[in-house]
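Data first, discussion second: the structure below is written as structure tokens.
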Amino acid sequence: MKTLEKLDFPIIQGGMGIGISLGGLAGAVAREGGMGVISTANIGFREPDFWENPREADKRALEKEIKKARSIAGGKGLLAINAMVATTGFGELVRKAVSCGIDAVISGAGLPLELPELTKGSDVLIAPVVSSGRAAKMLKKIWEKRHGRRPDFFVVEGSQAGGHLGFEQEEVEQGNAKPLLTILKEVVKEAEDIPVFAAGSVFDSKDIRKCLDAGARGVQIATRFIATEECDASEGFKDVILSAKEEDVTILKSPVGMPGRGLKTPLIQKVKDGLRFGPERCIRCIHTCEPKTTLYCINNALIQAFYGNKEEGLFFCGGNVGRVNSMTTVKALMEELTSEWRK
């Protein structure tokens, strides 16, 4: 039976796509006693038949990355996938991960109402990503009513998280969203005895201690893991993150239909100036994206970012990216992050 008790440390490495958190990073985090997370977002983008057969390419690549992570982890920690509800391959990839023996499925970018059905018959841990106590209460109620199942844990993301955000565009642009610790306490109350992991603006061991004191079981951290030797991102991607300053961060509009936090790049500025960069090739990867009108192809933008193309790439990151300015290893970072927890 899979259980959170297998975690030596209450740290989840956040899922980052496209290609930023794959088997290499996830396996290294699990090896150190945390929960390593593989992002399923267009995970097969490097497969030779990706553009012609994206669904099969994604499933094939996912199996490879899970096997790679397992080999690196050596039986330690836990391995999870992060699967976005907004992606068209969501259900297929969740089922594939379950068949490959994944330990947990974390799901956001939409409400994962049918996640219990997708993992039915397995002992995989399932966790929705929420940004309010109201969302946690609603999901718990719907899962219990429809599936007779409760979440094994929640991930609550604050407005300073990187990537897609579960808040209104205006809230995050004007800085009016509730602070993470306030939302965390609301979710902990609604979750009752279900463990809650806090994410978004968690940077160091002192932040972790604050979250634990507010009732969290642990935390999820993503951006800091980019600046590790084991991160699957290219050196070009890592260089962009390492050189980023606080003032380089912006709130952008995503074809997913949610606001996102990332870096100001030429692509993002041109989009804000009214230019459009429609997809040259479309694989219909996002339910909410309309190829004929979308301002830019998020699939292409994230792939370009993976290769370090600052002109055409979309570089998602958390609000604390300006504090990430040197490379390290997963082992060293985990030791630093757990220093207060160990006390």
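The values are calculated or read from the model by the stated rules, or taken from the named source; none is laboratory data. Since this is a predicted model, take the numbers as computed values, not measurements. Neighbour counts run over all protein chains shown; Cβ positions are idealised from the backbone, glycine included. Heads up: the accessible areas ignore ligands, DNA and RNA and are worked out on the full protein's heavy atoms, side chains in. Shrake-Rupley method; radii C 1.70, N 1.55, O 1.52, S 1.80 Å.
The table that follows gives values for the structure above.
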| read-out | value |
| --- | --- |
| Lone unmet requirement of (1) closer than 30 Å to A127 by Cβ; (2) part of a loop (DSSP other than H, G, I, E, B) for C211 | (2) |
| Some residue of the range 214-236 being open to solvent by less than 40 Å² (accessible area, probe 1.4 Å), among the acidic types (D, E), in a loop (DSSP other than H, G, I, E, B) and more than 20 Å from L302 (Cα to Cα) | no |
| Test: residue in the range 152-162 that is in contact with a strand residue (DSSP E or B) (Cβ under 8 Å, 6 or more places away or on another chain), at pLDDT below 95 and not small (G, A, S) | yes |
| Criterion violated by G308 - all others in (1) in contact with a Phe, Trp or Tyr (Cβ under 7 Å, 6 or more places away or on another chain); (2) at pLDDT 95 or above; (3) assigned to a helix (DSSP H, G or I) satisfied | (3) |
| Pairs where the first residue, in the range 272-287, is under 14 Å from L252 (Cα atoms) and among the basic types (K, R) and the second is assigned to a strand (DSSP E or B) and open to solvent by 90 Å² or more (accessible area, probe 1.4 Å), C-beta under 9 Å, 6+ apart | K272/K253 |
| Selection from the range 247-268 of residues that are more than 20 Å from E157 (Cβ to Cβ) and either in a loop (DSSP other than H, G, I, E, B) or among the acidic types (D, E) (or both) | E247, D248, K264, T265 |
| Residues within the range 165-175 that are open to solvent by 70 Å² or more (accessible area, probe 1.4 Å) and either acidic (D, E) or in a loop (DSSP other than H, G, I, E, B) (or both), tallied | 3 |
| Near pairs, Cβ below 6 angstrom, 6+ apart or cross-chain, from the range 176-195 (assigned to a loop (DSSP other than H, G, I, E, B)) to any residue that is open to solvent by 30 Å² or more (accessible area, probe 1.4 Å) | A177/E171; P195/R217 |
| Selected residue (only one of I43, I126, I66 is open to solvent by less than 40 Å² (accessible area, probe 1.4 Å), assigned to a strand (DSSP E or B), modelled with pLDDT of 95 or more and of a type in the set (A, V, I, L, M)) | I126 |
| Breaking point among (1) surrounded by 18 or more Cβ atoms within 10 Å (Cβ to Cβ); (2) over 18 Å from the mean Cα position of the chain (by Cα); (3) within 29 Å of A30 (Cα to Cα), for N325 | (1) |
| Residue list for the range 311-341, filter: over 12 Å from I241 (Cα atoms) and in a helix (DSSP H, G or I) | V330, K331, A332, L333, M334, E335, E336, L337, S339, E340, W341 |
| Qualifying residues in the range 237-264 (those that are of a type in the set (S, T, N, Q) and over 11 Å from C317 (Cβ atoms)) - the one surrounded by the fewest Cβ atoms within 10 Å (Cβ to Cβ) | S243 |
| Where a residue in the range 242-269 is on the phi > 0 side of the Ramachandran plot and its partner, wherever it lies, is part of a loop (DSSP other than H, G, I, E, B) and not hydrophobic (A, V, I, L, M, F, W, C), with Cβ under 8 Å and at least six apart | G257/T288 |
| Where a residue in the range 43-54 is closer than 18 Å to F90 by Cα and its partner, wherever it lies, is open to solvent by 60 Å² or more (accessible area, probe 1.4 Å) and in a helix (DSSP H, G or I), with Cβ under 8 Å and at least six apart | G44/E56; G44/R60 |
| Candidate set from the range 196-213 (those that are in contact (Cβ under 8 Å) with a residue 24 or more places away in the chain, buried (at least 17 other Cβ atoms within 10 Å of the Cβ) and of a type in the set (A, V, I, L, M)); member that is farthest from N325 (Cα to Cα) | V196 |
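Here's the yes/no breakdown for (1) within 21 Å of V156 (Cα to Cα); (2) of a type in the set (F, W, Y); (3) buried (at least 24 other Cβ atoms within 10 Å of the Cβ):
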{"position": "P10", "(1), (2), (3)": "yes, no, no"}
{"position": "G14", "(1), (2), (3)": "yes, no, yes"}
{"position": "I18", "(1), (2), (3)": "no, no, yes"}
{"position": "S21", "(1), (2), (3)": "yes, no, yes"}
{"position": "G27", "(1), (2), (3)": "no, no, yes"}
{"position": "G34", "(1), (2), (3)": "yes, no, yes"}
{"position": "V37", "(1), (2), (3)": "yes, no, yes"}
{"position": "F50", "(1), (2), (3)": "no, yes, no"}
{"position": "R60", "(1), (2), (3)": "no, no, no"}
